[in-house]
Structures are given as structure tokens and as C-alpha cells.
1. Note down the nm distance, to one decimal, between modelled labels 7 Å out along Cα→Cβ at residue 127 and at residue 24.
2. For the stretch 1-78 and the stretch 130-198, compute the distance between their C-alpha centroids and round to whole Å.
3. Provide the percentage of antiparallel DSSP beta bridges, counting only those with both residues in the stretch 65-217; round to the nearest 5.
4. For a Förster distance of 41 Å, can you work out the FRET efficiency between the beta-carbons of residue 6 and residue 192, rounded to the nearest 0.05?
5. What nm distance separates the two modelled labels at residue 204 and residue 217, each placed 7 Å from Cα along Cα→Cβ?
6. Counting only C-alpha contacts under 8 Å and six or more residues apart, can you give the relative contact order of the stretch 3-61 as a whole percent?
7. Go through 18-29, 61-72, 128-139 and give me the packing order, highest mean Cβ count within 10 Å leading.
8. Sticking with the crude label model, points 7 Å out along Cα→Cβ, report the distance from residue 164 to residue 17 in nm, one decimal please.
Ligand SMILES: C[S@@+](CC[C@H](N)C(=O)[O-])C[C@H]1O[C@@H](n2cnc3c(N)ncnc32)[C@H](O)[C@@H]1O
């Protein structure tokens, strides 16, 4: 069984006819990812199946608005990662790490607590002809990355303290978020606000499509 088929098997535990489709991202046409085929989400789904998909979302099978926008930002501003060691925290599909690799990062590690996400990021890296290392637990980080990137990790309040602890683990941070009005940490600058939708589109509330990118840099 291929890695892609194995990932589809995981999705089929909640939606029996689920499948992945290689999808070009609307805001980042340079990147293609294996994402939930939207056709199966629009078909006849029982209420129970729909609830199961929402209750246990396979985050890696969607590209979230924040991930798309941070990937776009990195591709347009490669100086943030060029020649650097990069960590993509909460990688999901690996979209941000893939953008960093395309933008000329020296090394890219994707970290996610979900082992399926790491498998998906590896499959997606191959689809985009880039190389990513994978890491299951931030506490196992062996080397200090020059920069840490994170998109859409603040949906989980348990991650709020990370914003401060990460400052001790790197020289710079770029964070993309559309979930919180006020960042639960100080010292971050708002760089830009851009709009995108989750891919495939989950028809989230409009406010969740307004993505803010924040930066933090270690004081000289
Ligand atoms: C909403 S998804 C975002 C994925 C991707 N960054 C994007 O924007 O498309 C959040 C991802 O972060 C992962 N995650 C959440 N908390 C984490 C943590 N403390 N350490 C590592 N991964 C985490 C989840 O497993 C999930 O894959």
C-alpha cells in the first residue's frame, strides 16, 4: 500500500468513501497538496458521518487559511528563510514547511503531534519535489532552528503558552492566525492581514478567513 493509500484509509475510518485529491492551492498555485476531495464532502453524507468528520478532524487533510497565507508570505518574502534552518510547528499538510523549502531554506523540519500529519507532510513534500525532516514532539528538537513558523495552532488554548516558550528556542518567529483577536503573548509585530479560505472550503465564519501574520525577532 502506498503512503497516500494508507492516509486515505485513515480518513475512511470516519467517512467510508473519503479520498485524497492532489489540489493546487488558490492562494499558492506553486504548491499542490493531497487534500480531502471536496466532491465526497458534497455527496450524500449521513448526519453521523458528518459529525464524525467534524468531531475528529484530520487537520492534515485540509490546508487552513493561515497555512495558505503564511506559505504565500514566505514565497513572496524568501529572505525570512533563505539559507536558514526552519521549523514548521503544527505542520498539518506541511504547506508552510514546503513553502520554506521552495523559498531556499537550508533545512526544514515539520513538527506535528499527529503522526498522520507527518506522513501527509512527507507525501506532500515528494509531490512538490522538496525535502522535509519530521519531528513528532517539540521537546525532542535536537538543534536550535534559526526560525520557527506556525500557522493556525491557536485554535487550541493549550498552545497559548508556546508563544513565549518558543522565544527561547529560536531567533525569530512567524505566526499566522485567524482565530484570536488579541495574541496571548507580547513582543509580536503585526506584519500584514490577508484573506484566504480553508482548502477545500469548509465555509468557516468570515472572520476565520482574515489571517494575520505576526513576527517576533530576538532583540539584538
Ligand atoms: C489547524 S491545523 C494547521 C495545519 C497547517 N499549519 C495549516 O495551516 O494548514 C493545526 C495542526 O497543528 C497540530 N498541533 C496542534 N498543537 C500542536 C503542538 N503543540 N505541537 C505540534 N503540533 C501541534 C495539529 O495536530 C494540526 O495538525
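A short reminder: the numbers here are calculations on the coordinates, not readings from a lab. Just so you know, these numbers come straight off a predicted model, no measurement behind them. Note that each Cβ is placed from the backbone with ideal geometry, even for glycine, and that neighbours are counted across all protein chains shown.
1. Going from the residue 127 label point to the residue 24 one covers 1.4 nm.
2. For the stretch 1-78 versus the stretch 130-198, the Cα centre distance is 21 Å.
3. 45 percent
4. Efficiency, rounded to the nearest 0.05: 0.65.
5. The answer from the label model is 2.8 nm.
6. After rounding, I find 31 percent.
7. 61-72, 18-29, 128-139
8. If labels sit at residue 164 and residue 17, their model points lie 5.1 nm apart.
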